[in-house]
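Undergrad: Once you've had a glance at the structure underneath, I'll fire off some questions.
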Amino acid sequence: MKGHPQQSIEFLKNEGRVNWHDETLWWVRQRRDNAAHGLTEWERLREKASEIKDYTLSHLDELLLNFEEKAIQNGIRVHWAGDAKEHNQIVHRILKEKKIDFVVKSKSMLTEECGLNHFLEEQGIEVIDTDLGERIVQWMQQKPSHIVLPAIHLKKGDIGAVFTEKLGLPQTNDAQVLTEAARQDMRKYFVASKVALTGVNFGLAKEGAFVVCTNEGNADMGVHIADVHIASMGIEKLIPKQEHLGVFLRLLARSATGQPITTYSSHFRSPSPGKEIHLILVDNGRSAILGKPDFRSSLKCIRCGACMNTCPVFRKTGGHSYESVIPGPIGAILSPHKDPVRYKSLPFASSLCGSCTAVCPVKIDIDKQLYLWRQELSKKDNMGRAAHFLAGEILASPSWFNFGSRSFYFFHKKFPALVNRLLKPFTGKRPLPEAAPQTFREWYKKNA
């Protein structure tokens, strides 16, 4: 399995794409800034949202039980899933009981996390992603590269080629034509579907209800036509009560795309007569993170993607380079909890500039957690530990430092290929710059 450094090299080969990706996401970041500056109470909203999430995480056990009790009273069928496998089995059981062979699904990073599409397809059930960006990457057999803008890594020409292949549409880059073609294609699935799958943006503990936010209306189209609505919700998506919702709705869209609010913020409290709502509450490692004081605040995340849009590393290397469902800075602190070996490079894929923390609407200390993960992972890296120990000894001794720097300068100047080869475990594929004509110490003695 390739790590972030190797995947980044592949992305960086196409300089034009890199520049376009960088500029596009920075434009989204600027829209976020303009939207935030339009609210004098912006920082108070961030502080309030952070406090609400802190309270929720500290009382998550009782809030979840209250949520379940009230949701059941409302007629919602509540299921609990300890991990991704159990989540997928619950969805499959419901579909099997209904004798369903295809479903429509709106955007849900949790179902991506659980690998639901692949699992259902193995069971002979077709999944139609109805978010336009998700549908495009599904056609291309790719993963979303961004949690809000899943096809942001593609240009209009790439998308036009996919529509030509899948729908027989004449090659075009006209966004309106492509969107209309997608609408017409999806309509038959919406009309025929008996079951619709969605994610959940916010669960309301006191009311036993939940909210789904979209810009395309595809979630509403799916669930209002279908007889059965299956909603997948990470247990951290809870907030105590509906009156807190306004804080988050004002932050979410502004942080994600610079909009005042998502086009559709749909509330689900109880099923319509003759219909069913199934709500699956998923842990999948969240309780373990909750038990780690240094990392628990990462569970505040409301999946706005602001940290990705501002991150200079993400913008230059693309979401697929991270090889995790949630890429970017927030993914770099969430993924190692699941597999510290596979995702060991992600916390190091950061400049630690702190821009991610500065834009986070719920004030997650992302840069601090990246630094803490580096320390955690370095403890398991014997070569790295040895290098750090040796560096510490040399830097603590002026005589050893002077001897070491002179020796390194000599070998680097005389045998650059050998030095680069020896340092490859630490520098990867990045060669050292050519040695300067003289050391700084030599220059200083001549010019001081």
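Undergrad: Among the residues in the stretch 304-315, are any within 30 Å of HIS224 (Cα to Cα), free of Cβ contacts under 8 Å to residues at least 24 places away in the same chain and in a loop (DSSP other than H, G, I, E, B)? I'd like the intermediate steps shown before the answer.
TA: Initial filter on the stretch 304-315 (within 30 Å of HIS224 (Cα to Cα)): 304-305.
From the residues that got through so far, the ones that are free of Cβ contacts under 8 Å to residues at least 24 places away in the same chain too are none.
Scanning the stretch 304-315 turns up no residue that is within 30 Å of HIS224 (Cα to Cα), free of Cβ contacts under 8 Å to residues at least 24 places away in the same chain and in a loop (DSSP other than H, G, I, E, B).
Undergrad: A further question follows. Of all residues in the stretch 148-175, which are closer than 23 Å to ASP22 by Cβ and assigned to a loop (DSSP other than H, G, I, E, B)?
TA: VAL148, LEU149, PRO150, ALA151, ILE152, HIS153, LEU154, LYS155, ASN173
Undergrad: So how many residues does the stretch 390-432 have that are closer than 30 Å to LYS13 by Cα and without any contact (Cβ under 8 Å) to a residue 24 or more places away in the chain? Let's see the steps before the verdict.
TA: Going residue by residue through the stretch 390-432, those that are closer than 30 Å to LYS13 by Cα are 412-413, 415-432.
Filter once more, so that each one left must be without any contact (Cβ under 8 Å) to a residue 24 or more places away in the chain: 412-413, 415-424, 427, 430-432.
Counting residues in the stretch 390-432 that are closer than 30 Å to LYS13 by Cα and without any contact (Cβ under 8 Å) to a residue 24 or more places away in the chain gives 16.
Undergrad: Let me ask you something else. Within the set of pairs 6 or more residues apart or between chains, which connect a residue that is among the small types (Gly, Ala, Ser) inside the stretch 433-448 to a residue that is surrounded by 10 or more Cβ atoms within 10 Å (Cβ to Cβ) with Cβ atoms less than 8 Å apart?
TA: ALA435/TYR409; ALA435/HIS412; ALA435/LYS413; ALA435/PRO416
Undergrad: Next question. Inside the stretch 204-248, can you point out the residues that are within 16 Å of LEU281 (Cβ to Cβ) and among the small types (Gly, Ala, Ser)?
TA: ALA205, GLY208, ALA209, ALA231, SER232, GLY234, listed by residue number.
Undergrad: Name the one entry in LEU57, LEU12, LEU39, LEU45 that is in contact (Cβ under 8 Å) with a residue 12 or more places away in the chain, of a type in the set (A, V, I, L, M, F, W, C) and closer than 22 Å to ILE333 by Cβ. Please lay out each step first, then the result.
TA: Working: LEU12 fails: closer than 22 Å to ILE333 by Cβ; LEU39 fails: closer than 22 Å to ILE333 by Cβ; LEU45 fails: closer than 22 Å to ILE333 by Cβ.
None of the others qualify; the one that does is LEU57.
Undergrad: Could you tell me which numbered condition TYR55 fails, if it satisfies all but one of (1) modelled with pLDDT of 95 or more; (2) touching a Phe, Trp or Tyr at 6+ places or on another chain (Cβ under 8 Å)?
TA: Result: TYR55 fails condition (2) only.
Undergrad: Based on what the data block shows, is PRO273 without any contact (Cβ under 8 Å) to a residue 12 or more places away in the chain and either touching a Gly at 6+ places or on another chain (Cβ under 8 Å) or assigned by TED's automatic domain parsing to the domain that holds ASN66 (or both)?
TA: Working: without any contact (Cβ under 8 Å) to a residue 12 or more places away in the chain: yes; either touching a Gly at 6+ places or on another chain (Cβ under 8 Å) or assigned by TED's automatic domain parsing to the domain that holds ASN66 (or both): yes.
Yes; evaluated as a whole, the condition is true for this residue.
Undergrad: Can you spot a residue in the stretch 115-129 that is of a type outside the set (Phe, Trp, Tyr) and under 13 Å from THR214 (Cβ atoms)? I'd like the intermediate steps shown before the answer.
TA: Our first condition is that a residue be of a type outside the set (Phe, Trp, Tyr); within the stretch 115-129, this holds for 115-118, 120-129.
Remaining after also requiring under 13 Å from THR214 (Cβ atoms): 129.
Checking the stretch 115-129: at least one residue is of a type outside the set (Phe, Trp, Tyr) and under 13 Å from THR214 (Cβ atoms).
Undergrad: Of the residues that sit in the stretch 260-304 and are buried (at least 21 other Cβ atoms within 10 Å of the Cβ) and among the aliphatic types (A, V, I, L, M), which one is nearest to ASP131 (Cα to Cα)?
TA: My answer is ILE302.
Undergrad: Additional query: Quick check, is ASP22 of a type outside the set (Lys, Arg), surrounded by 12 or more Cβ atoms within 10 Å (Cβ to Cβ), within 19 Å of the chain's Cα centre (by Cα) and assigned to a helix (DSSP H, G or I)? Talk me through it step by step, then tell me what you get.
TA: Values: of a type outside the set (Lys, Arg): yes; surrounded by 12 or more Cβ atoms within 10 Å (Cβ to Cβ): yes; within 19 Å of the chain's Cα centre (by Cα): yes; assigned to a helix (DSSP H, G or I): yes.
Criteria met by ASP22.
Undergrad: Name the single residue, out of those in the stretch 1-16 being under 15 Å from LYS344 (Cβ atoms) and exposed (fewer than 13 other Cβ atoms within 10 Å of the Cβ), that is modelled with the lowest pLDDT.
TA: So the residue we want is MET1.
Undergrad: Sticking with this one: For the stretch 63-108, name all the residues that are surrounded by 15 or more Cβ atoms within 10 Å (Cβ to Cβ), among the aliphatic types (A, V, I, L, M) and either over 17 Å from VAL228 (Cβ atoms) or not assigned by TED's automatic domain parsing to the domain that holds PHE190 (or both).
TA: Hits for the stretch 63-108 are LEU63, LEU64, ALA81, ALA84.
Undergrad: Six or more apart or on different chains, Cβ atoms under 9 Å: show the pairs whose first residue is in the stretch 15-36 and free of Cβ contacts under 8 Å to residues at least 60 places away in the same chain and whose second is of a type in the set (Phe, Trp, Tyr).
TA: Listed pairs, sorted by first residue: none to list.
Undergrad: Take the residues in the stretch 138-148 that are surrounded by 20 or more Cβ atoms within 10 Å (Cβ to Cβ) and among the aliphatic types (A, V, I, L, M), then tell me which one is nearest to THR24 (Cα to Cα).
TA: Per the criteria, the residue is VAL148.
Undergrad: Do we have any residue at all in the stretch 426-447 that's in a helix (DSSP H, G or I) and within 38 Å of the chain's Cα centre (by Cα)?
TA: Residues of the stretch 426-447 in a helix (DSSP H, G or I): 426-427, 440-447.
Cutting the leftovers down to within 38 Å of the chain's Cα centre (by Cα) gives us 426-427.
The answer is yes; a qualifying residue exists.
Undergrad: Still on this structure, please answer the following. Condition (residue is in contact with a Pro (Cβ under 7 Å, 6 or more places away or on another chain) and modelled with pLDDT of 95 or more) applied to the stretch 77-96: is it met by at least one residue? I'd like the intermediate steps shown before the answer.
TA: Taking the stretch 77-96 as the starting set, the residues that turn out to be in contact with a Pro (Cβ under 7 Å, 6 or more places away or on another chain) are none.
So far as the stretch 77-96 goes, no, none of its residues is in contact with a Pro (Cβ under 7 Å, 6 or more places away or on another chain) and modelled with pLDDT of 95 or more.
Undergrad: State the number of residues belonging to the stretch 38-52 that are loosely packed, with under 13 Cβ neighbours inside 10 Å and either at pLDDT below 95 or not in a helix (DSSP H, G or I) (or both).
TA: Within the stretch 38-52, the subset loosely packed, with under 13 Cβ neighbours inside 10 Å is 38, 40-41, 43-44.
Adding the requirement that they be either at pLDDT below 95 or not in a helix (DSSP H, G or I) (or both) leaves 38, 40-41.
Total meeting the criteria: 3.
Undergrad: Now for a different question. Filter the stretch 349-384 for residues that are more than 26 Å from ALA49 (Cβ to Cβ) and touching a residue at least 60 places away in the same chain (Cβ under 8 Å) and give the result.
TA: Selection gives ALA349 alone.
Undergrad: Tally time: how many residues in the stretch 58-103 are assigned to a helix (DSSP H, G or I) and more than 23 Å from LYS206 (Cβ to Cβ)? Let's see the steps before the verdict.
TA: Within the stretch 58-103, the subset assigned to a helix (DSSP H, G or I) is 58, 60-73, 84-98.
Next, only the ones that are more than 23 Å from LYS206 (Cβ to Cβ) stay: 84-98.
The total comes to 15.
Undergrad: Going by what's in this entry, would THR111 be described as part of a helix (DSSP H, G or I), surrounded by 19 or more Cβ atoms within 10 Å (Cβ to Cβ) and β-branched (Val, Ile, Thr)?
TA: Against the criterion (part of a helix (DSSP H, G or I), surrounded by 19 or more Cβ atoms within 10 Å (Cβ to Cβ) and β-branched (Val, Ile, Thr)), THR111 qualifies.
The values are calculated or read from the model by the stated rules, or taken from the named source; none is laboratory data. Keep in mind that this is a model prediction, so the values were computed, not measured. Reconstructed Cβ throughout: ideal geometry from the backbone, glycine too, with neighbour counts over all protein chains shown.
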